[in-house]
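The values are calculated or read from the model by the stated rules, or taken from the named source; none is laboratory data. Predicted model only: the values in this text are computed from it and were never measured. Cβ: placed from backbone, ideal geometry, glycine included. Neighbour counts: every protein chain shown.
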Amino acid sequence: MVADFGRGPAPLRPPLPSPVPATRAGTFDHPRAQIDDDTRLVLAAPPSALVMMRRQLAIAPTGALRDTVPVDEALAGASRVLLTPRARLGAAWTELPARIAQVDDRGGEPRVTVDLQFPQAMAGRQVEQLVVRATAIDWGPRISLRTAPLALPKNARLELATGILEPGWRQGPVRFVVEACEGQACAPLYETLMDPARESDRRWRDASVALDSYAGETVSLRFRSELSSAAAEEFSLPVWANPTILVPGKSDRSAPNVVLLSIDTLSAGHLPTYGYFRDTAPVLARAFELGGTVFDNCVAAATSTPQAHMSIFTGLYPLEHGITAGTEVLDPAILTIAEQVRAAGVATGAVTEDGWLGAEAGFGRGFDEYRENKSADVMEPAGQVDKTFRAAKAWLTRHADQRFFLFLHTFQVHDPYAPPAKYASLFPTDDQGRALGADAPSHVREAANYDREIRYVDDELGSLLAAMGELALDENTVFIVASDHGEAFLEHGFLRHSTFAYEEVTHVPLLMRGPGIPHGLRVSFPVGHVDLARTVASFFDVDPPRGARGVDLRRTLREGNSPLDGAFYFTESWGAVANGPGGAPIAFFAPAFSVRQGERKAARYRNGDGSARSECYDLANDPAERANLCAGATSEPTDLAATLDAYQEVAARHRAQLLLADGARTEEPRPAPVDPEREEKLRALGYVR
């Protein structure tokens, strides 16, 4: 049970939004807070927004900068804000002293004066970037929130976490207290002191509180916090993460948990399960090919990361969910599978690696906890599968006795391909048995390192599966392995992904194991990303996200291929430029669309003059896509041509219907809030230019 905590204290400006009741799926307007790259739903959070971002800024010889700037609408109503400035000189970021500023709302447009003093090392120089964030501090030193009366059954416990937002770390220790109240009489249930001077207190502190002494009674819960020694002008920024009352129930092995793992950039064609010559993934082969079900032909909904993942989360194609450039925010009317599952009282968590899947863009919607493991140097993005899976093990340990949905995502096999040193001697020869020396073509050497990365991820996956076995979770947990898109190594004259929709990019792995999943089954008909939201929903016996396309793949496990017979699966390409040999740019004019039905595939690309060209393939007889059956004057197959003709119009109509169904505005997707470090990461990954 998730309590509805109503509105917050009157002194807060603007008024505190009400947390979403458990009966409502959407979490767009639910307050959330991030500490140590871990975003969680909270009872309340002070509004915060970027108020200044300058590039290539010349600093005066005195080091002083003073400017008055408008305040973002998110801070409307705030009277005081804490300004936290950061500047980048070269590759290094420097935090400047934080300052409290008054918001001047005279004249109808709230403004704040940014008054900074740069360190001597920056005086008289040009900094690459200046970023100033403002956080409302009208809360003051004390916060108090109280629930409506709650009837507490036997053996109930309260799960929660406490934390202090980073702008408040310099204010000193904060005491957190949970009380049970009957009328005006309140008694303490839990108390903890967090001191941000300690490194360990600069992250969330999880707690589990027994409610046995109030079994059978109706009480309100009060959440209080205060600075341990507070003057009137001081403030604190405490947050309470997702307080949830849990009640033990009967074990139901027919109602499994679900873990969904996305191995970013993993091509099905580089796995032995799909016929690859190298033994890149023995754990996958043993645990999923032999111990589960393999879908032989899963079609990516997009050739790049954010578009494809949002299709996995929503069951919609990119033109329908609205994430096309990759920098938009998911519209509130579009729901995710995590929101649907959470509304049913299921614990939801995610561990991802930084890049495209930012919580603020909508990927964190519906997750109680959304951790983003970030590279130490944002200019050198690197997968961190060991850290990601270690966090996953910790999360599973804390939620082992609950019903849960856990999403995991790793960039480990994404370029740059940099496997750990102990994998350097693995796969020393090519597919012809020739030694891979320094004279081998660069794309061949890159493919070998890519394969070594896959083997590293596979080894770490074995450790994760073993940990789940120790927690007795393998008996009641469905584990799904997927990818957003594959990777090209000059099979068709280009490298990487995000543009051309050939099989090396669009054919992605999909494997399942767990209760109710047949062993050794292979599903041959094409399936797609858009099937996953319905499939996950069926495991939890909840409705899929509104308007979700696709089918419940569990039907194929019961009925064979018949539910998929004749289905069309689309792929969208929104990349800006392709990479040829040596990384040379190849013109690409987005968007492009492709469709697959059975073993037939057709793609349409735009030329520089606005005209279109088509490529058609018979994958049964030409899996490498060498013979373009639409070359020259030959036209596309009639039914595939008709679906591509109508695709954009149908997708636009479906999106409009989804927005109208929720009373939303039919407007263009909004851009995501600017995060300078995330932008640098995407630039380093080659997605932003």
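How many residues, within segment 169-186, are surrounded by 13 or more Cβ atoms within 10 Å (Cβ to Cβ) and either at pLDDT 95 or above or in a strand (DSSP E or B) (or both)? Of the residues in segment 169-186, 10 are surrounded by 13 or more Cβ atoms within 10 Å (Cβ to Cβ) and either at pLDDT 95 or above or in a strand (DSSP E or B) (or both). Within segment 550-563, no residue that is outside the structural domain of LEU532 (by TED's automatic domain parsing) sits with its Cβ atom under 6 Å from a residue that is in a loop (DSSP other than H, G, I, E, B) and surrounded by fewer than 16 Cβ atoms within 10 Å (Cβ to Cβ) at 6+ positions apart or across chains.
Exactly one residue out of GLU572, GLU615, GLU599, GLU636 is acidic (Asp, Glu), crowded, with 16+ Cβ neighbours inside 10 Å, assigned by TED's automatic domain parsing to the domain that holds VAL527 and at pLDDT 95 or above: that is GLU572.
Scanning segment 335-359 for residues that are assigned to a helix (DSSP H, G or I) and under 27 Å from VAL457 (Cα atoms) turns up ILE337, ALA338, ALA359. ARG203: basic (Lys, Arg) and buried (at least 19 other Cβ atoms within 10 Å of the Cβ), yes or no? No: the conditions fail for ARG203.
Each row is one residue, and each column tells you yes or no for (1) outside the structural domain of ALA602 (by TED's automatic domain parsing); (2) in a loop (DSSP other than H, G, I, E, B); (3) in contact with a Phe, Trp or Tyr (Cβ under 6 Å, 6 or more places away or on another chain).
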position: ASP451; (1), (2), (3): no, no, yes
position: ASP458; (1), (2), (3): no, no, no
position: LEU473; (1), (2), (3): no, yes, no
position: ASP484; (1), (2), (3): no, yes, no
position: THR499; (1), (2), (3): no, yes, yes
position: PRO518; (1), (2), (3): no, yes, no
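If you check PHE223, PHE235, which single one turns out to be farther than 30 Å from ALA482 by Cα, crowded, with 16+ Cβ neighbours inside 10 Å and at pLDDT 95 or above? That would be PHE223, the only listed residue that is farther than 30 Å from ALA482 by Cα, crowded, with 16+ Cβ neighbours inside 10 Å and at pLDDT 95 or above. None of SER213, SER208, SER200 is small (Gly, Ala, Ser), modelled with pLDDT of 90 or more, out of contact with any helix residue (DSSP H, G or I) (no Cβ under 9 Å at 6 or more places or on another chain) and under 22 Å from ASP368 (Cβ atoms) except SER200. If you go through segment 96-129 and keep only what is under 22 Å from ALA74 (Cβ atoms), over 36 Å from the mean Cα position of the chain (by Cα) and basic (Lys, Arg), you end up with just ARG106. Which is over 21 Å from ASP368 (Cβ atoms), in contact with a Ser or Thr (Cβ under 8 Å, 6 or more places away or on another chain) and surrounded by fewer than 20 Cβ atoms within 10 Å (Cβ to Cβ), of LEU426, LEU436? So the residue among LEU426, LEU436 that is over 21 Å from ASP368 (Cβ atoms), in contact with a Ser or Thr (Cβ under 8 Å, 6 or more places away or on another chain) and surrounded by fewer than 20 Cβ atoms within 10 Å (Cβ to Cβ) is LEU436. Quick one: in segment 316-333, of everything that is among the acidic types (Asp, Glu) and surrounded by fewer than 24 Cβ atoms within 10 Å (Cβ to Cβ), which residue is farthest from ARG365 (Cα to Cα)? So the residue we want is GLU328. Is it the case that some residue within segment 320-329 is at pLDDT 90 or above, in a loop (DSSP other than H, G, I, E, B) and not hydroxyl-bearing (Ser, Thr, Tyr)? Yes, segment 320-329 contains at least one residue that is at pLDDT 90 or above, in a loop (DSSP other than H, G, I, E, B) and not hydroxyl-bearing (Ser, Thr, Tyr). The strands (runs of 3 or more DSSP E) found wholly in segment 33-83 and carrying at least 3 residues that are more than 22 Å from GLY163 (Cα to Cα) occupy 48-58, 64-70. The condition (being in contact (Cβ under 8 Å) with a residue 24 or more places away in the chain and closer than 23 Å to VAL413 by Cβ) is satisfied by just one residue among VAL299, VAL219, VAL247, VAL239: VAL299. Here ALA197 clears all of (1) outside any strand (DSSP E or B); (2) surrounded by fewer than 17 Cβ atoms within 10 Å (Cβ to Cβ); (3) under 23 Å from the mean Cα position of the chain (by Cα) except the condition numbered (3). Considering segment 550-610, the qualifying strands (runs of 3 or more DSSP E), each wholly inside and each with 1 or more residues that are of a type in the set (S, T, N, Q), run over 569-573, 577-579, 589-597. Note on segment 360-373: among residues that are assigned to a strand (DSSP E or B) and touching a helix residue (DSSP H, G or I) at 6+ places or on another chain (Cβ under 6 Å), the one that is farthest from PHE405 (Cα to Cα) is ASN373.
Go through segment 115-158 and give me each residue that's of a type in the set (Val, Ile, Thr), touching a Pro at 6+ places or on another chain (Cβ under 8 Å) and either without any contact (Cβ under 8 Å) to a residue 24 or more places away in the chain or part of a strand (DSSP E or B) (or both). Result: VAL131, VAL132, THR135, ILE143. Residues in segment 242-288 that are at pLDDT 95 or above and either within 30 Å of SER225 (Cα to Cα) or part of a strand (DSSP E or B) (or both): ASN257, VAL258, VAL259, LEU260, LEU261, SER262, ILE263.
Looking for whichever is over 26 Å from the mean Cα position of the chain (by Cα) and either assigned by TED's automatic domain parsing to the domain that holds GLU159 or aliphatic (A, V, I, L, M) (or both) here; the options are VAL283, VAL258, VAL209. Which one fits? Just a single option satisfies the conditions, and that option is VAL209. List the number of the failed condition for SER538; all other conditions in (1) without any contact (Cβ under 8 Å) to a residue 60 or more places away in the chain; (2) part of a strand (DSSP E or B); (3) not hydrophobic (A, V, I, L, M, F, W, C) hold. For SER538, the failing item is (2). Any residue at all in segment 245-259 that's polar (S, T, N, Q) and touching a His at 6+ places or on another chain (Cβ under 6 Å)? No.
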